[in-house]
1. On the basis of being buried (at least 18 other Cβ atoms within 10 Å of the Cβ) and part of a loop (DSSP other than H, G, I, E, B), does Ser153 make the cut?
2. Among the numbered conditions (1) among the charged types (D, E, K, R); (2) over 21 Å from the mean Cα position of the chain (by Cα); (3) in a loop (DSSP other than H, G, I, E, B), tell me where Asp238 comes up short.
3. Taking the condition in contact with a Phe, Trp or Tyr (Cβ under 9 Å, 6 or more places away or on another chain), in the same structural domain as Pro216 (by TED's automatic domain parsing), assigned to a strand (DSSP E or B) and at pLDDT below 95, does Ser326 pass?
4. Considering Ser89, Ser129, Ser117, which residue is small (Gly, Ala, Ser) and buried (at least 21 other Cβ atoms within 10 Å of the Cβ)?
5. I'm trying to understand the selection: among the residues of segment 40-59, which are of a type in the set (S, T, N, Q) and either at pLDDT below 55 or outside the structural domain of Ala142 (by TED's automatic domain parsing) (or both)?
6. Out of all the residues in segment 29-39, is one or more more than 16 Å from the chain's Cα centre (by Cα) and at pLDDT 95 or above?
7. Give the residue that is farthest from Ile235 (Cα to Cα), with candidates limited to residues of segment 297-321 that are modelled with pLDDT of 95 or more and hydrophobic (A, V, I, L, M, F, W, C).
8. Is at least one residue of segment 177-191 modelled with pLDDT under 95, hydrophobic (A, V, I, L, M, F, W, C) and in contact with a Gly (Cβ under 7 Å, 6 or more places away or on another chain)?
Amino acid sequence: MRRRSLLLSVPAGLVTLAACGNDESGSSKASESPSPPASAPSAAPSPKIVSGPLPAITAGTEFGEKPTVAKGEGAPSKDIAVRTVIAGSGRTVAENDYVQAHYLGQIWDTGKVFDNSYDRRTPLVIQLSQGTIIDGWRYALAGRKVGSRVELSVPPTWGYGTQGNAQAGIKGTDTLVFVVDLLNTFNSKSSAQGKAVPQNNADLPKVGTNTDGAAPSITVPEAAAPKDLVAEYVIEGDGPVVKAENTVLVQYKGVLWDDGKEFDSTYQRDALTSFSLQQVVKGWSQGLTGKKVGSRVLIVVPPSLGYGDNPPPDSGIKKDSTLVFSVDILAAM
């Protein structure tokens, strides 16, 4: 399937190539996978949430199974209709969280499926924020629990509006039907979760192993910086292995080898960041590839794989600096 239109926020932080003077926004190309359609932020007032009508799920009725959904009967609601088909017991999703979900989307009148993640075997990871995903998802999924299957219908006002989405075959009058399996949710307090790995090399920085959402400590030794890339587990998770073409959702903190001074941190911004590994400094793309989701990784980036003699302006990074990062890999797609 072709990539659908998706509005992604520009990732904050210094590790993206944009910080090295590249004017292309990496976020708009973060993944080649299709994703639920996004539209410009709606100027309409907050919608009313109703319980129906909603078409029946006729096959694939278990959580995580690709569903088959009947064509809508009669006129759909002008409001957002939402039904929890399977109630989960995990953490509650809040607006501005990142959600990890499998989903299927089809058109009410025709029953035509315009997108689904089940066939790709890769769940979507996206932020429930205005301008990032269609408003119908923001309003329908906030307050639901991880482990839930949610069915929703989204009228044009909170979908694509009157312009529709020609690429997806959606007209400006189409109501959209989604089935969403909520696999996980992440916010600015999310951390790696796994087994702490001994840090026995006295010539490498030591990284804290706290998993309470606070920034870990990074203690740089009084030793010469390594000339080659270092990428080692601090906490080893049990998720899938990150691939070079993946987009990752992370918490991270960066300090300078020379003086241990912090120059960048998602913890300080109180916001996670998501980006393609093909659009970050080479030390990150090489260091995270092959590591497991759920892990905390120590990455020591030599100048040749970082910013070299062209550090970002006003970053506090000098030319030919060695950079030290603690990176929590929360999700990948």
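The values are calculated or read from the model by the stated rules, or taken from the named source; none is laboratory data. Worth saying up front: this structure is predicted, and the values here are computed from it rather than measured. Ideal geometry is used to build each Cβ from the backbone, glycine not excepted, and the neighbour counts take in all protein chains shown.
1. Working: buried (at least 18 other Cβ atoms within 10 Å of the Cβ): yes; part of a loop (DSSP other than H, G, I, E, B): no.
When the stated conditions are applied, Ser153 does not pass them.
2. (2)
3. Values: in contact with a Phe, Trp or Tyr (Cβ under 9 Å, 6 or more places away or on another chain): yes; in the same structural domain as Pro216 (by TED's automatic domain parsing): yes; assigned to a strand (DSSP E or B): yes; at pLDDT below 95: no.
Considered against the rule, which asks whether it is in contact with a Phe, Trp or Tyr (Cβ under 9 Å, 6 or more places away or on another chain), in the same structural domain as Pro216 (by TED's automatic domain parsing), assigned to a strand (DSSP E or B) and at pLDDT below 95, Ser326 comes out as no.
4. Numbers: Ser89 fails: buried (at least 21 other Cβ atoms within 10 Å of the Cβ); Ser129 fails: buried (at least 21 other Cβ atoms within 10 Å of the Cβ).
Among Ser89, Ser129, Ser117, only Ser117 is small (Gly, Ala, Ser) and buried (at least 21 other Cβ atoms within 10 Å of the Cβ).
5. Just the residues of segment 40-59 that are of a type in the set (S, T, N, Q), to begin with: 42, 46, 51, 58.
Hit for segment 40-59 is Ser42, nothing else.
6. The first filter runs over segment 29-39 and keeps only residues more than 16 Å from the chain's Cα centre (by Cα), leaving 39.
Those still in the list that are at pLDDT 95 or above too: none.
Taking every residue of segment 29-39 in turn, none turns out to be more than 16 Å from the chain's Cα centre (by Cα) and at pLDDT 95 or above.
7. Leu305
8. No - not one qualifying residue is present in segment 177-191.
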